[in-house]
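Presented below is the structure to which this report refers.
The values are calculated or read from the model by the stated rules, or taken from the named source; none is laboratory data. All values derive from a computational prediction rather than experimental measurement. No Cβ is skipped: glycine too gets one built from the backbone with ideal geometry, and neighbour counts run over all protein chains shown. To get the accessible areas, we keep the full protein, side chains included, count just its heavy atoms, and leave off ligands, DNA and RNA. Shrake-Rupley method; radii C 1.70, N 1.55, O 1.52, S 1.80 Å.
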Amino acid sequence: MAIWLVQWVGQTIRVLDYVEGVGQVLAYYINELRSRRLHPICYLPHDGINANNITGKRYRDHLEEAGLETVVIPNQGRGAAMMRIEAVRRIMPMCWFNAETTEAGRDALGYYHERRDEIRSLGLGPEHDWSSNSADAFGLMAICYQGPDDPMTVDSLFERERGSYSIHATRSEITGY
């Protein structure tokens, strides 16, 4: 799991902190967020509404019971990885990174790369490796980003009432593509 803690301030995206782990229980990440004394909005990928294998509860429910506000981004469908990559390219010039607390995440972003078919000299999409969770999480943040000049907010796009979104939202409404 990878978590980027960002703050959207005007035209700047302040990337303040990064948390990652493998095989940790969800409580570990909740404690990490609490230890930073933050009250973030947690943007979860579409599988954030899946049930946890151990408890049977949805990941979103666990986070909300811990007092965190959540938004689950609907499945973006075919080509979602490329949409995230393009969204990151669009917002990267606006990003400021805290060098001390984001180094591991920045290393992962720098390593993230495409699988290649060398015989046909063809790209096969992103390679799924140690850098994928970090890059996917950063890409999801980029998809969710709404700048000060954007006419709609993520909240209005999903027409949500505390943590829910419209099932009628479409990919273009969510990503702007």
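Solvent-accessible surface of region 27-91, taken per residue with a 1.4 Å probe and all protein chains present: 59 Å². Taking 0.36 nm per residue of separation and subtracting the current Cα-Cα distance, fully stretching the chain between E114 and D129 would add 4.3 nm. Centre-to-centre separation between the Cα atoms of region 91-107 and those of region 1-60: 17 Å. By accessible area, using a 1.4 Å probe on protein heavy atoms only, region 1-131 has 51% of its surface on carbon and sulfur. The charge dipole of region 32-112, taken about its Cα centre with unit charges on the Cβ of Lys, Arg, Asp and Glu (plus for the first two, minus for the last two), comes to roughly 200 debye.
Using a simple spin-label model with pseudo-atoms 7 Å out from Cα toward Cβ, Q146 and S121 lie 4.5 nm apart.
Could you order peptides 63-76, 114-127, 44-57 by the average number of other Cβ atoms within 10 Å of their residues, highest first?
63-76, 44-57, 114-127
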